[in-house]
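Working notes, structure below.
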Amino acid sequence: MSTLSALANVMGTAVTAVPPAGPTNQGSDVLLRLVGRMTYGFTAQEWELAKSLGAQGYIAHHLNYTGIDDSEVEAVLAGGYWTLGYTPHQLWQLYCDSNFDASVILEHLIGSTTLRAVRSRRQLFERMVEFWSDHFSIYLFADLAFLLKTHDDANVTRKHALGKFKDLLRASAKSPAMLTYLNNNTNVKEHPNENYARELMELHTLGVDGGYTQRDVQEVARCFTGWTIYPIGTPLNALAYRFDASKHDAGPKTIFQGTPNELYIAPGGEIQGQKLLDALARHPSTARFISKKLLRRFWGENPPIEMVDQVAGVFTATDGDLKAVMGAVLSMNVILSTPSKYKRPFHLLVSTLRALDAKIDRWDYLAGLAYNAGHYPFLWPAPNGYPDALGYWSSLQLTRWNIGSWLIDSRVPGTVINVGKCMAGAIGTEGVMDRIEDMMLGQPLKTAERNSLRKFLGVSGPTPPLSRIQDALSLAIACPSFQWY
Amino acid sequence: MHGHSSCACREYNELSRRSFLSVGAGTLLASSVPAWLPRVAIASSERSERQVIVSIFLRGGADGLTLCVPHGDPLYYAASGPTARPTIAIAPPGLPNGCTNLDGMFGLPPAMASLSEAYQNGHLAVVHAAGLTDTSRSHFDAMKFMEVGALGNPSLFTGWLGRHLAQTDPILPGSLLRGISLGSYAVPTTMNGGPSTTPVPDVLSYGLAGNPKTAVQRQASLREMYESTPAILKNAAKVTNDTIALLDAIDFEHYQPGGGAVYPETLFGKSLKASAALIKAQVGVEAVCVDRGDWDTHSNAQPVTGGLAANMADLANGLTAFYRDIFSFSTNIVVVVMSEFGRRAGENASHGTDHGHGNAMFVMGGRVNGGHVYSRDLNGNPGWVGLGDLYEDLDVHITTDYRDILAEIVQKCLDDPQLDKVFPGWTPQFQGIIS
């Protein structure tokens, strides 16, 4: 069995622990923290941008992401990532082509995800894409997802990441990757398959305590009978979404019976599922569930109830307009002092590459370092997505510590961090440490960290040898301050 | 491998994930393995009467009606109705692909036949119609409550095994590593809150990367830097540093299992093998968690020839190898296997089963009153609950709360009488499964 079973085995492990507040970032200002919240990590360039725009201007800049010139990234993508826009049918044809190595599809998907996280100027948008990739999580190696996730990524998460929630939900419900992952493609009127119906309510919309019963799961499953995909071999449309009326239970359905949200769905075809999706998108539990989850990601692990209500109010008032909702979420970072958040491994990797201005010629290898820490894109083996909790991610330290060494020692093919260039002009031990702070944090290290690094570099005097600085830099990447944002 | 029909997808899928990750992550993993020197430190005597526990969680909701087949219940073979399993029922003993009879009512599926050895030796017991009585059928709630050891208590985050560790002295005084979660990237909720616990994805590659000449010095810096961080990170960093040294002293690569044990070459097999090596090394590890995923068989379960069969074979063959290996060294061990819920009594149209309720648990060890399937009827008397009366007209009832089993293990095997702290709000009724 491959290393992948390692991941299959982590399904559902702890998402727990009473999250203690992170260390307060003494000396940091609200704007610096906002940069951390909205991006994949500090860069001197991003920090200058934020300072020039001010907090509200900086938020507006990133919410209006289509207005941000991202031509540098688009040029790289145009130069070699040709499978990204493919339809399910095209992906299937590629897979069947004996002259083609299908792993190219995954190289494009993983490579583009890493490239965009590191280099895109639309940083908030990319963080939102990651958020929805977790929310509508699809395990890359379930059935055909290794082909179809490419289509899902382009047409569900990336298309609607800052659009309307109901459009995102509709797109996901018809996504061939989701239909096959949660088995709705075999959900038929005799003996319905409940898998999608349950996760739709528990994970995608209402939340587990959102007010539904086992009977509702069964009724919702009936709504989606016949939502399937074209079989392989279908000319032009293989694996594309299809409604099969002959497999659909057209009878009336009642959901949330006996509650204020009771929903009667008249006899009908595909429209039944569409009505249901719209009702779920409008449901007050959904507004609260999504708002709380966004706050957990972009504010802190335990958002106060008033804060959740406030964001949920915007969600409801704007019919789930995600730009408006995110405006509300981010404004909380400005108004209130936010607790620090612990970087997940992929975030730690990307923030390292951003801070140290890595020269990267191959984008498909890098995520392997996050894999070693249990966080490879689209590889959480359960539909609830990678956890977003300190209590989960804090227990495995070693492979996080090793990320810096792997990069600094140039052991990832195609990636070089030129430490000499990073340190150009830095004089003496203190100069090296100042440079590390300027590049990586935009604020001072903690005293204990600085003392430790100083000791490692050699207490004072001339600039340490390059190999010593390289080791110190890998230590800085592993140091506590760099684990938070 | 290309230009074929869909039936080859699964094999291709296996291949593609391998080749892809061998480019991406695999090579990194492989080349990060340092040269391990043989430093076997295995003692032969036992130091404590307390047993070492291995807790195995089957993630996804394993199908208890397949893992332990009620072949004596005619409704299991019903042609129609809520218990019909037209394509996935395991045949009765004596028929082709039939189960191995255990006691006239229950049997082990062919893929798990190897467990008969421990069962016949009286070291393995099965508990049927057991589980978590929560009603939600959500994987994530069910796993959380089961691992926490309390029902629907949203303010409790530590796990039952973690609390046991926290309230007892180490089995070996001064032990730096009391609990380990092997083959995983995080300590599972089960062990959450336990002091000196850590996850180890792979024992063979657990070492500090980078320049070996400065490794000691860098490690010292890391120790210093994490001294003044929040407790959760400080503790994790300390146990990480301790574990690097501890695992470095054990030669996992050249470890030779005893008792003629042959472990499956799978992550699960390797994790159990590493568990045995760690336990034999007697460095103070007293609790091991191993997860085995991929049990959420909503479609194409294939319990005889396909995916579910492979999963069950991995489970049973891994357990049997561990049993032979560890019992050739010591019987002072207890293994418990559980899953968050069982599956629907009847099959769906996708040749799979949806989320259910009551399930089978397995308990193996030197003090287990094995060779028996423990089960109760709806009145609490010994006997199979039967498929004629279903929970919510859908699923196997739960007639034994899983905490009754775990509590008996905690008290009798782990010598911890403070059950009210391990399972708050629950007054367990022992089933006599441990002597």
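Out of B:Asp202, B:Asp242, I need the residue that is more than 26 Å from A:Tyr386 (Cβ to Cβ), within 26 Å of the chain's Cα centre (by Cα), in contact (Cβ under 8 Å) with a residue 40 or more places away in the chain and surrounded by fewer than 22 Cβ atoms within 10 Å (Cβ to Cβ). Which one?
Details: B:Asp202 fails: more than 26 Å from A:Tyr386 (Cβ to Cβ).
Exactly one of B:Asp202, B:Asp242 is more than 26 Å from A:Tyr386 (Cβ to Cβ), within 26 Å of the chain's Cα centre (by Cα), in contact (Cβ under 8 Å) with a residue 40 or more places away in the chain and surrounded by fewer than 22 Cβ atoms within 10 Å (Cβ to Cβ), namely B:Asp242.
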Restricting attention to the range B:338-369, which residues are touching a residue at least 60 places away in the same chain (Cβ under 8 Å), out of contact with any Lys or Arg (no Cβ under 8 Å at 6 or more places or on another chain) and surrounded by fewer than 22 Cβ atoms within 10 Å (Cβ to Cβ)?
B:His351, B:Gly366, B:Asn369
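Only one of these is without any contact (Cβ under 8 Å) to a residue 24 or more places away in the chain and within 25 Å of the chain's Cα centre (by Cα): A:Pro260, A:Pro304, A:Pro235. Name it.
Working: A:Pro260 fails: within 25 Å of the chain's Cα centre (by Cα); A:Pro235 fails: within 25 Å of the chain's Cα centre (by Cα).
None of the others qualify; the one that does is A:Pro304.
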Per-region count, the range A:257-290, residues surrounded by fewer than 22 Cβ atoms within 10 Å (Cβ to Cβ), closer than 21 Å to A:Ser172 by Cα and of a type in the set (Ser, Thr, Tyr):
1
Does the range A:61-72 hold any residues that are surrounded by fewer than 14 Cβ atoms within 10 Å (Cβ to Cβ) and either in a helix (DSSP H, G or I) or not assigned by TED's automatic domain parsing to the domain that holds A:Ala328 (or both), and which are they?
A:Thr66, A:Gly67, A:Ser71, A:Glu72
Filter the range B:406-423 down to the residues that are within 23 Å of the chain's Cα centre (by Cα), touching a residue at least 60 places away in the same chain (Cβ under 8 Å) and closer than 23 Å to B:Phe157 by Cβ and list them by number.
B:Leu406, B:Ile409, B:Val410, B:Leu414, B:Asp416, B:Lys421, B:Val422, B:Phe423
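Name the residue, out of A:Ala355, A:Ala370, A:Ala426, that is more than 13 Å from chain B (Cβ to nearest Cβ) and modelled with pLDDT of 95 or more.
On the way: A:Ala370 fails: more than 13 Å from chain B (Cβ to nearest Cβ); A:Ala426 fails: modelled with pLDDT of 95 or more.
Of A:Ala355, A:Ala370, A:Ala426, the one residue that is more than 13 Å from chain B (Cβ to nearest Cβ) and modelled with pLDDT of 95 or more is A:Ala355.
Within the range B:396-428, take every residue that is charged (D, E, K, R) and in a helix (DSSP H, G or I) and give me the one that is surrounded by the fewest Cβ atoms within 10 Å (Cβ to Cβ).
Step one: of the range B:396-428, the residues charged (D, E, K, R) are B:401, B:403-404, B:408, B:412, B:415-416, B:420-421.
Next cut, in a helix (DSSP H, G or I) only: B:403-404, B:408, B:412, B:420-421.
Numbers: B:Arg403: 25, B:Asp404: 19, B:Glu408: 19, B:Lys412: 18, B:Asp420: 12, B:Lys421: 15.
The residue in question is B:Asp420.
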Among the candidates A:Val208, A:Val217, A:Val188, which residue alone is of a type in the set (A, V, I, L, M, F, W, C), free of Cβ contacts under 8 Å to residues at least 40 places away in the same chain, within 14 Å of chain B (Cβ to nearest Cβ) and outside any helix (DSSP H, G or I)?
A:Val208
Residues located in the range B:328-369, provided they are in contact with a strand residue (DSSP E or B) (Cβ under 9 Å, 6 or more places away or on another chain), of a type in the set (Ser, Thr, Tyr) and within 14 Å of another protein chain (Cβ to nearest Cβ):
B:Ser339, B:Thr353
What number of residues within the range B:266-305 satisfy the criterion of being charged (D, E, K, R), part of a loop (DSSP other than H, G, I, E, B) and closer than 23 Å to B:Phe252 by Cβ?
1
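Looking at the range B:98-116, is at least one residue free of Cβ contacts under 8 Å to residues at least 12 places away in the same chain and either assigned to a helix (DSSP H, G or I) or under 21 Å from the mean Cα position of the chain (by Cα) (or both)? Before you say what the answer is, go through the steps one by one.
Keep residues of the range B:98-116 that are free of Cβ contacts under 8 Å to residues at least 12 places away in the same chain, which gives none.
No; the residues of the range B:98-116 include none that is free of Cβ contacts under 8 Å to residues at least 12 places away in the same chain and either assigned to a helix (DSSP H, G or I) or under 21 Å from the mean Cα position of the chain (by Cα) (or both).
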Give me the pairs, please: first residue somewhere in the range A:328-342 and under 22 Å from A:Ser394 (Cβ atoms), second residue anywhere and modelled with pLDDT under 95 and among the basic types (Lys, Arg), beta-carbon distance under 7 Å, and either six or more positions apart or on two chains.
A:Thr338/A:Arg33
Identify, by number, the condition in (1) crowded, with 16+ Cβ neighbours inside 10 Å; (2) more than 28 Å from the chain's Cα centre (by Cα); (3) not hydrophobic (A, V, I, L, M, F, W, C) that A:Lys293 doesn't meet.
(2)
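If a residue has to be part of a helix (DSSP H, G or I) and free of Cβ contacts under 8 Å to residues at least 60 places away in the same chain to count, how many in the range A:263-291 make the cut? Talk me through it step by step, then tell me what you get.
To start, the set of residues in the range A:263-291 that are part of a helix (DSSP H, G or I) comprises A:270-282, A:284-291.
Now restrict to residues that are free of Cβ contacts under 8 Å to residues at least 60 places away in the same chain: A:270-272, A:275-276, A:279, A:284, A:287, A:291.
Total satisfying the criteria: 9.
Residues are listed down the side, and each one gets a yes or a no for (1) closer than 24 Å to A:Asp29 by Cα; (2) within 13 Å of another protein chain (Cβ to nearest Cβ); (3) surrounded by fewer than 16 Cβ atoms within 10 Å (Cβ to Cβ):
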site: A:Arg435; (1), (2), (3): yes, no, no
site: A:Leu445; (1), (2), (3): yes, yes, no
site: A:Glu449; (1), (2), (3): yes, yes, no
site: A:Ser452; (1), (2), (3): no, yes, no
site: A:Leu473; (1), (2), (3): no, yes, no
site: A:Ala478; (1), (2), (3): yes, yes, no
Cβ pairs under 7 Å, 6+ apart, first in the range B:136-161 and within 8 Å of another protein chain (Cβ to nearest Cβ) and part of a helix (DSSP H, G or I), second crowded, with 22+ Cβ neighbours inside 10 Å and acidic (Asp, Glu):
B:His139/B:Glu340; B:Met143/B:Glu340
Being among the aromatic types (Phe, Trp, Tyr), part of a helix (DSSP H, G or I) and more than 14 Å from chain B (Cβ to nearest Cβ) is the filter here; which residues of the range A:83-138 pass it?
A:Phe125, A:Phe131, A:Trp132
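The values are calculated or read from the model by the stated rules, or taken from the named source; none is laboratory data. Owing to the predicted nature of the structure, the values given are computational and were not obtained by experimental measurement. Every residue, glycine among them, receives a Cβ derived from its backbone with ideal geometry; neighbour counts consider all protein chains shown.
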